[in-house]
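A short worksheet on the structure shown next.
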Ligand SMILES: Nc1ncnc2c1ncn2[C@@H]1O[C@H](COP(=O)(O)OP(=O)(O)O)[C@@H](O)[C@H]1O
Ligand SMILES: Nc1ccn([C@@H]2O[C@H](COP(=O)(O)OP(=O)(O)O)[C@@H](O)[C@H]2O)c(=O)n1
């Protein structure tokens, strides 16, 4: 069984996906890390994340070990990710890895959860359960700002807000695999929900689908 979770930056996709993966004992892939690793890789060779040749070269030579780099969490990686993510050939180069993990979850798990922007629409349109997790941009900026401060980093709320707005606009307006809910996704607006409430809501939606798939 595949669970697809999409949504804009800092909406709580990853937090929810990790908890669901533990609850259902499924494999989990944060697909944003793939784009962040490509973006960061281009920055590290002094390149331009909007240059297709450079970005594609990094994407084609991505080593899974790079997905554990702590610098992937930073704003520079996020902005560069959203630039390389608008390039069709880069997306195509990363597609097989995502599809294979979804179809053959590692560790003998019975299912996989992928989170990103285009899981329900492009990577796994066949997913049995699809959620689109969102929240107001101000609330998302609050969450990311708090997360950065908690990690001991310096953060200015207005800059975080501007960064999210810029990425939202780029991710939603790009020609290829834009950020949008799949037609058959359930939208969860977590603006007024804490992480526990969002988790409970998601389980309420997914549990019947999981039970039906376990019976097959
Ligand atoms: N429903 C929620 N209410 C408040 N904070 C949340 C909620 N869900 C996640 N968070 C916090 O918001 C931040 C961003 O969440 P994260 O899961 O990283 O989002 P995403 O994967 O969509 O970028 C994290 O610090 C996380 O702990
Ligand atoms: N499936 C995905 C995942 C991420 N991305 C891109 O990668 C960037 C970083 O994604 P992320 O999920 O790590 O970002 P956050 O939501 O954690 O801030 C996004 O802004 C998108 O441009 C994408 O295009 N498709």
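The values are calculated or read from the model by the stated rules, or taken from the named source; none is laboratory data. From a predicted model like this one, the values you see are computed outputs, not experimental measurements. Every residue, glycine as well, gets a Cβ built from its backbone with ideal geometry; the counts of neighbours run over all protein chains shown.
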Hey, does segment 185-206 have a residue that's closer than 21 Å to residue 85 by Cβ and either outside any helix (DSSP H, G or I) or over 18 Å from the mean Cα position of the chain (by Cα) (or both)?
yes
Look through 177, 198, 135 and report the one residue that is under 26 Å from residue 91 (Cα atoms), near ligand 1 (Cβ under 10 Å from one of its atoms) and surrounded by 17 or more Cβ atoms within 10 Å (Cβ to Cβ).
135
From (1) part of a helix (DSSP H, G or I); (2) touching a residue at least 40 places away in the same chain (Cβ under 8 Å); (3) more than 17 Å from residue 115 (Cβ to Cβ), pick out the condition that doesn't hold for residue 176.
(1)
Looking at (1) in contact (Cβ under 8 Å) with a residue 12 or more places away in the chain; (2) away from ligand 1 (no atom under 16 Å from the Cβ), which is the one condition that is false for residue 13?
(2)
Can you tell me which residue is surrounded by the most Cβ atoms within 10 Å (Cβ to Cβ) among those in segment 84-102 that are part of a helix (DSSP H, G or I) and more than 15 Å from the chain's Cα centre (by Cα)?
90
Would you check if there is a residue in segment 116-127 being modelled with pLDDT of 95 or more and more than 25 Å from residue 83 (Cα to Cα)?
yes
Picking from 127, 55, which residue would you name as being outside any helix (DSSP H, G or I) and crowded, with 16+ Cβ neighbours inside 10 Å?
127
So is residue 213 more than 19 Å from residue 135 (Cβ to Cβ), more than 16 Å from the chain's Cα centre (by Cα), in contact (Cβ under 8 Å) with a residue 12 or more places away in the chain and away from ligand 1 (no atom under 16 Å from the Cβ) or not?
yes
Where residues in segment 58-75 are over 16 Å from residue 98 (Cα atoms) and surrounded by 14 or more Cβ atoms within 10 Å (Cβ to Cβ), which of them is farthest from ligand 1 (Cβ to nearest atom)?
58
Please specify each residue of segment 6-28 satisfying the condition of being more than 10 Å from ligand 2 (Cβ to nearest atom) and either outside any helix (DSSP H, G or I) or over 30 Å from residue 207 (Cβ atoms) (or both).
25, 26, 27, 28
Tally time: how many residues in segment 201-210 are without any contact (Cβ under 8 Å) to a residue 40 or more places away in the chain and surrounded by 15 or more Cβ atoms within 10 Å (Cβ to Cβ)?
1
All positions within segment 149-173 that are more than 26 Å from residue 121 (Cα to Cα), assigned to a helix (DSSP H, G or I) and in contact with a helix residue (DSSP H, G or I) (Cβ under 7 Å, 6 or more places away or on another chain)
157, 160, 161
Which numbered condition residue 25 misses (of (1) surrounded by 15 or more Cβ atoms within 10 Å (Cβ to Cβ); (2) on the phi > 0 side of the Ramachandran plot):
(1)
Residues of segment 135-156 satisfying the condition of being away from ligand 2 (no atom under 13 Å from the Cβ), within 13 Å of residue 75 (Cβ to Cβ) and at pLDDT 95 or above:
156
Tell me whether segment 29-45 contains one or more residues that are surrounded by fewer than 16 Cβ atoms within 10 Å (Cβ to Cβ), out of contact with any helix residue (DSSP H, G or I) (no Cβ under 6 Å at 6 or more places or on another chain) and assigned to a loop (DSSP other than H, G, I, E, B).
yes
